[in-house]
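Engineer: My questions will all concern the structure given below.
Since every read-out is calculated from the coordinates, none of them should be taken as a lab result. Since this is a predicted model, take the numbers as computed values, not measurements. Here the Cβ positions follow ideal geometry from the backbone for every residue, glycine too, while neighbour counts run over all protein chains shown.
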Amino acid sequence: MTTSPVVSVDSGGVEKPVFQIRNLNVYYGTFHALKNINIEIRPRSITAIIGPSGCGKSTFLRCLNRMNDRIRGFRQEGEILFDGEFLYRGEDNLTLLRKRVGMVFQRPNPFPLSVFDNVAYGPTLHGSVKGKELEETVKKSLEATDLWESLKEKLSVNALSLPPEQQQRLCISRLLAVEPEVLLMDEPCSALDPVATLKIEDLLRELEKEYTILIVTHNMQQASRISDFCGFMWLGELVEFGRTEDLFTRPKDPRTEEYVTGRVG
């Protein structure tokens, strides 16, 4: 069994990796879903994970905020360090972990509530802000996703009535309202048209100035456009990982070259 490479990008010795994944193996019953994954994720960057369906991309992403834990038969081996601390330390820190490491899913999933209540939901649940401060949090979160000007007169409107692109932006606003450190994106543009997709991509490039972003995507063009680092997964293995430009123009593994040139997958 091969061990995936670890890429440690020189950041001048100042910033440590947000995530350090060491010999990560994941099983669903007897099925070996992830095989010896080794990777480091740098702060304030966009890391894309590409590969065909069923190769383990989403499983890997969900490991980073422990969303796999309740799946029947799930078992994890190896180490995941988040901000230098072991991620799998029991159940007591799950709420805090998912506040710090949030996820946006394939299809927009706003709550059947008003625009305001969607964004206010997290801060209200955690009891972190109230009153005027809560209103400011909602405004700031909507501004961060470029929704404030278009929705400031529609805060009482049911979020489900918004077009899909605005719904996805709203879901990102809802996430930002709880002040996460990491944004996990599982195919966030798969349900959007090309114009809406480009708008979300522009948004992600702005957000990476303040957040660490990991995105799973089938869209290789999207990965090449927006990511700083990119990993290629195949049958549960992290075949190759590095700077995006290098992976697409100078791949080291023939399987990567075959995939990015469209000969397989």
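Engineer: Return a whole-number percent for the relative contact order of the chain, with Cα pairs under 8 Å and 6 or more residues apart as the contact set.
Structural biologist: 27 percent
Engineer: Around M185, which amide H atoms from residues at least 5 apart in sequence, or from another chain, sit under 5 Å from its own amide H, with H modelled in the peptide plane?
Structural biologist: Those qualifying (amide H under 5 Å, at least 5 residues apart or on another chain) are V104, L214, I215, V216.
Engineer: Let me ask something additional. Note the full-extension length gain between S150 and K130 as 0.36 nm times their separation in residues minus their Cα-Cα distance, in nm to one decimal.
Structural biologist: 4.8 nm
Engineer: Among the lysines in the chain, how many pairs, 8 or more places apart or on different chains, have alpha carbons under 14 Å apart?
Structural biologist: Count of close lysine pairs: 6.
Engineer: Anyone know which of V195, V157, V101 comes out most mobile in the 10 Å Cα GNM of the chain?
Structural biologist: V195
Engineer: A further question on this structure: When ranked by the protection proxy of mean other Cβ atoms within 10 Å per residue, highest first, what sequence do the peptides 161-167, 113-119, 215-221 form?
Structural biologist: Sorting 161-167, 113-119, 215-221 by mean packing, highest first, produces 113-119, 215-221, 161-167.
Engineer: Using only helices, what value at 222 nm comes out for the chain when you add -39,500 (n - 2.57) per DSSP H run of length 4 or more and divide by the total residues, to the nearest 500 deg cm²/dmol?
Structural biologist: Rounded to the nearest 500, the figure is -9500 deg cm²/dmol.
Engineer: Still on this structure: Rounded if a/c is under 1.5, else prolate if a/b beats b/c, else oblate: with a ≥ b ≥ c from the C-alpha gyration tensor eigenvalues square-rooted, which is the range 88-192?
Structural biologist: oblate
Engineer: Determine, at each q value in 0.08, 0.13, 0.14, 0.16 (inverse angstroms), the log₁₀ of I(q)/I(0) that the Debye formula gives when each Cα of the chain is one equal point scatterer.
Structural biologist: Log10 of I(q)/I(0), two decimals: -0.33, -0.86, -0.99, -1.25.
Engineer: Express as a percent, rounded to the nearest 5, the fraction of DSSP beta bridges in the chain (both residues included) that run antiparallel.
Structural biologist: Taking every DSSP beta bridge within the chain, about 60 percent pair in antiparallel fashion.
Engineer: While we're looking at this one, here's another question. Multiplying the sequence separation of V157 and T249 by 0.36 nm and subtracting their Cα-Cα distance, what value in nm do you get?
Structural biologist: So the chain would gain 28.5 nm between V157 and T249.
Engineer: Relative contact order of the range 104-182, please, whole-number percent, based on alpha carbon pairs below 8 angstrom and at least 6 residues apart.
Structural biologist: 52 percent
Engineer: Now for a different question. Relative contact order of the range 152-232, please, whole-number percent, based on alpha carbon pairs below 8 angstrom and at least 6 residues apart.
Structural biologist: For the range 152-232, the relative contact order is 31 percent.
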